[in-house]
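Report on one structure; see the data block that follows.
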Amino acid sequence: MPYRSSKQDTAATKAEFALIKSGLKVVKQCNDDTFYDCWVKADTLCGGSCATGNSEDGVDLENGYPVSGTALDPFIDASGRTWATYSRDENLYLVDTNGPSGPNRFGKDRWIFTLANAEGTRVTKGVPVKVIPYATSDITAVSSFCKHPPCYYYTWLYER
């Protein structure tokens, strides 16, 4: 695993995402121009509420993350799962377990996870050693990361 120098470390995020991808058989790779051929436009994170700036700054405040141009290139694996990053900078990774098929909602078939240290805390500086859900419990209220509760973040990663 690469060393992360800060929360906003583009090089580490790129290297971590490449490691995730290397463990999967990729059947479709997308880029900024074909971003939504892999990651279907549907439920997004934040809807702009966790971002600052405006669409001119490369942040899509209307639709939230991930967004072509601000996230790394998504891909689809041989199981039909779609993978993307939340942004190019942070170690927040997204997966849609059934790819383009619905409902394409976070906490239902779309999940956000991060990389953590041995204590289970998200790594913002250092070398990660394990994967954890970004939301550390199931969410029953509407929030930036759960627009359609209940959202089963913890259950998805630990109980399947």
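Below are the figures for this structure:
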read-out: Matching residues in region 81-124 - criterion: being free of Cβ contacts under 8 Å to residues at least 40 places away in the same chain and part of a strand (DSSP E or B); value: V95, T114, A116, R122
read-out: Subset of region 125-144 that is part of a loop (DSSP other than H, G, I, E, B) and open to solvent by less than 30 Å² (accessible area, probe 1.4 Å) - its residue that is farthest from F113 (Cα to Cα); value: P128
read-out: Filtered residues of region 73-90 (kept if of a type in the set (G, A, S) and open to solvent by 10 Å² or more (accessible area, probe 1.4 Å)); value: A78, S79, G80, S87
read-out: Filter result for the condition that a residue is over 16 Å from Y153 (Cβ atoms), among the charged types (D, E, K, R), at pLDDT 95 or above and exposed (fewer than 15 other Cβ atoms within 10 Å of the Cβ), over K25, K21; value: K25
read-out: Checking T155 against (1) in a loop (DSSP other than H, G, I, E, B); (2) among the polar types (S, T, N, Q); (3) surrounded by fewer than 16 Cβ atoms within 10 Å (Cβ to Cβ), the condition it does not meet; value: (1)
read-out: In region 59-72, residue most open to solvent (accessible area, probe 1.4 Å) [restricted to those that are outside any loop (DSSP other than H, G, I, E, B) and modelled with pLDDT of 80 or more]; value: S68
read-out: Residue satisfying condition, being farther than 23 Å from P2 by Cα and modelled with pLDDT of 90 or more, within set T121, T97; value: T97
read-out: Tabulated pairs, region 65-80, first free of Cβ contacts under 8 Å to residues at least 24 places away in the same chain and on the phi > 0 side of the Ramachandran plot, second surrounded by fewer than 21 Cβ atoms within 10 Å (Cβ to Cβ) and small (G, A, S), C-beta under 9 angstrom, 6+ apart or interchain; value: G80/G99; G80/S101
read-out: Condition met for K41 (of a type in the set (D, E, K, R), modelled with pLDDT under 95 and surrounded by fewer than 20 Cβ atoms within 10 Å (Cβ to Cβ)); value: yes
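The values are calculated or read from the model by the stated rules, or taken from the named source; none is laboratory data. Just so it is clear, the structure is predicted and the values come from calculations on it, not from any experiment. Because the Cβ atoms are built from the backbone with ideal geometry, glycine has one as well, and the counts that use them run over all protein chains shown. The protein model used for the area step is the full one, side chains on, heavy atoms only, and it has no ligands, DNA or RNA in it. Shrake-Rupley method; radii C 1.70, N 1.55, O 1.52, S 1.80 Å.
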